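Quick notes on the structure that follows.
Any read-out appearing in this document is the output of simple, stated calculations on the displayed coordinates, not a laboratory observation. Nothing here was measured: the structure is a model prediction, and the numbers come from that model. Here the Cβ is made from the backbone with ideal geometry for all residues, glycine too, and neighbour counts use every protein chain on show.
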């Protein structure tokens with residue numbers, strides 16, 4: 001068990017939730033106006049399906065037109081370091097993430113959007129018609145997109161530097177990259193190599209190269225059966241009414 005895969009949580013009072021809702025609701029439109037279409041989390045009319053469809057179409061079209069597609073899936077560390085001038089102060093988390101808080105997620109994506117807006121994305125990323133698609137973000141689940149591996153490296157360096165300025169660090173061990181063509185280049189972050197993979201689960205869907213949808217179907221079926229088996233005793237007991245099951 002790796003403790004870095006877990007983080008503490010804390011429950012909040014109903015009154016706290018109500019207060020946060022009162023504060024958040026009048027400002028929802030203002031928050032969404034600050035976000036770009038690349039960010040799909042906590043926005044009305046957007047879901048994970050939008051980014052998954054965009055990624056699948058990008059992979060399909062790059063394969064169709066024999067274009068290289070390189071994707072870097074960013075993973076951030078759970079521990080934040082707040083920088084004051086030239087000193088760094090570690091913040092110990094005692095209470096954990098507030099579950100059900102409606103304000104904190106929006107503040108986080110606004111902070112992350114501020115970082116992303118500070119990076120020059122001009123003429124970088126995938127070329128889609130007359131526009132460029134350098135990244136897709138769903139909260140902190142960010143994937144960088146580029147045709148050229150060297151360009152992807154430059155984008156990754158810029159993102160890592162910009163995030164470090166607000167105390168957000170990239171977890172190099174969990175950050176992966178995938179390329180649709182053989183690439184002799186090796187991506188690095190913070191002086192460490194990034195593992196290259198042939199498949200990656202992004203927003204709940206398995207993305208792989210070469211494309212094989214059978215693997216995703218098999219994975220979903222296995223996950224469904226695993227979930228059923230955990231509750232098999234409950235589902236198979238005859239004395240429990242069907243409406244309760």
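Based on other C-beta atoms within 10 Å, arrange 166, 59, 74 from fewest to most. Don't jump to the answer; show the numbers that get you there.
Numbers: 166 15, 59 18, 74 23.
Ascending Cβ contact count within 10 Å gives the list 166, 59, 74.
Ranked by Cβ crowding within 10 angstrom, fewest neighbours first, how are 64, 195 ordered?
64, 195
List 124, 211 from most exposed to least, where exposure is judged by having the fewest other Cβ atoms within 10 Å.
With the fewest neighbours first, 124, 211 line up as 211, 124.
Below 8 Å, C-alpha to C-alpha, sequence gap of six or more: please give me the relative contact order for the chain in percent.
This gives 22 percent for the chain.
Out of these labelled values of Kirkwood radius over Cα pairs in Å, (1) 20.6; (2) 19.8; (3) 21.5, which was calculated from the coordinates shown here?
Matching entry in (1) 20.6; (2) 19.8; (3) 21.5: (1).
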